[in-house]
Amino acid sequence: MKNACDPDTPMIDVADLRIGLYVYIDSGWMSHPFPLSSFKLQSQEQIAAIRAMGIGRIRYSPEKSDPPASEQTSDVPDQSPILTPEQEERQQRRALLQTQNARLKACEYQYDEAAKAFNALVKHVKVVPDKSRLQARVLVESVVARLSELEESSIRLLSEQVGDRGSMHSVNVLVLSLLLGKASGLSNEDLHELGIGALLHDIGKEELPNRLRWNDEQFTSVERRRYQEHVGHGLETGKTMGLSNAALLCIAQHHEAANGTGFPLNLVGKKISPLASIVALTNQYDGLCNPANPAALLTPHEALSLLFTQRKQRFDDKTMAVFIRMMGVYPPGSVVQLTDGRYAMVVSVNSSRPLKPRLIIHDAQVPKEEALVVDLEKHPDLGVRRSLKPMHLPRPVLDYLSPRKRICYFFEAASATSGGEES
């Protein structure tokens, strides 16, 4: 019997996977949604999740696998029923829905694992700062490695159940910063430093009371000064952890603004490091989408529009332009009305096709749990007419689309999603 790590272990095309095969997942823990890296395939959902990873072939063990069904029932004549066109269509729809759900679960699993890793390093940062630095490095390296594997990526909206309030903002800023950094052409070395700075940009808030950890327009002047002190606290914690100067600058400058209106030093323009400029922008965007006060919540489309029209001077021009192109005109989580009058929610955007996002479209004839993701690129006659606030949706549409009150993102292979939408 071959060892699992033996390079001569046989390979199989993912298109030929079947229930009963014993397979080996060779990618890192951030790259797949399975608790183990080797196991016997038990369901079509597992097969769909592997196919969604964007790999062509996978190792497997013939000895540990069940024999093909044809060998198990070779003496039994084929009794497969002949399906009507309608039955075939329903079967294809179910398979497509399983694939789409598996892709979403893969993203959510990776996000949850990142959140757990972040919570673990924060828990011990005061006692064993060196260990927390190592944990942060391992987490960021895993995410960068996964992102680097993708020739082209899409930003995917996740459900509201992923992560938690304490980790959500830091993981969101990490994901968006790395996506923006890659889109800006940063080297892998710079991406690692950017990732550390983005992940730990708010580490100084651990020194604040819970009620002061989230910026609030209702703060008194004293409370606002206390809140702003988290930058200094974070810088000291980062130094204790032994972070690089590049990562420390992200922590120290993530609230600075190019026009000098930021804090704590009112830095202007080029005095703000390029990596810190990225973190400052993604930090602001996530703060608008996930504010402390629910009444101040903006849709992703509104948040992007506000940054561009009212706060553009706060950010580096090039960084802002790349961010807008990356997020698309209607970022994931935006509620829109299509040119044919139907309502939809954007769930995925590929920056190379920003006007053709992927959406869930309201259809009263289809249960919402069976709604497929529709790729507008495959529908040239269909487009987005306008963005809407969720409160302006008819009640049945609001219940169907269930717009997110918490916006969380992860990334997935654009090449994998291109074949997984309703055509």
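Every number in this text was worked out from the coordinates using simple rules, so none of it is lab data. As the structure is a computational prediction, the values presented were derived from the model and not from experiment. In this analysis, Cβ positions are derived from the backbone assuming ideal geometry, glycine residues included, and neighbour counts consider all displayed protein chains.
A compact table of results
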quantity: Entries in K131/K182; K40/K182; K131/K405; K270/K405; K356/K389 that, when Cα-Cα distance is taken, lie over 24 Å; calculated: K131/K182; K40/K182; K131/K405; K270/K405
quantity: Cα gyration tensor shape of segment 193-350, rounded if a/c is under 1.5, else prolate or oblate by comparing a/b with b/c; calculated: prolate
quantity: Dipole in debye (nearest 20) - segment 127-254, about Cα centre, beta carbon charges: Lys, Arg +1; Asp, Glu -1; calculated: 320
quantity: For C107, C250, order by how many other beta-carbon atoms lie within 10 Å, fewest first; calculated: C107, C250
quantity: Average projected area [Cα convex hull, the chain], square nanometres; calculated: 23.7
quantity: Candidates V138, V349, V374: whichever shows maximal mean-square fluctuation once the chain is modelled as a Gaussian network with Cα springs under 10 Å; calculated: V138
quantity: Helix-only [θ]222 nm of the chain, DSSP H runs n ≥ 4, -39500 (n - 2.57) each, per residue, nearest 500; calculated: -13500 deg cm²/dmol
quantity: Lys, Arg +1 and Asp, Glu -1 on Cβ, resulting dipole of the chain about Cα centre, debye, nearest 20; calculated: 1640
quantity: Cβ-based exposure ranking for I361, I82, in which fewest neighbours within 10 Å come first; calculated: I82, I361
quantity: Charge dipole magnitude, Cβ of K and R +1, D and E -1 - segment 93-326, Cα centre, debye nearest 20; calculated: 180
quantity: Sequence-separation-based contact order of the chain, relative, with Cα cut under 8 Å and 6+ spacing, percent; calculated: 16
quantity: Selection from S148, H230, P380, by position along the positive dipole direction of the chain (Cβ); calculated: H230
quantity: Lysines whose Cα lies under 28 Å from that of K126, excluding same-chain neighbours fewer than 8 positions away; calculated: K116, K205, K239
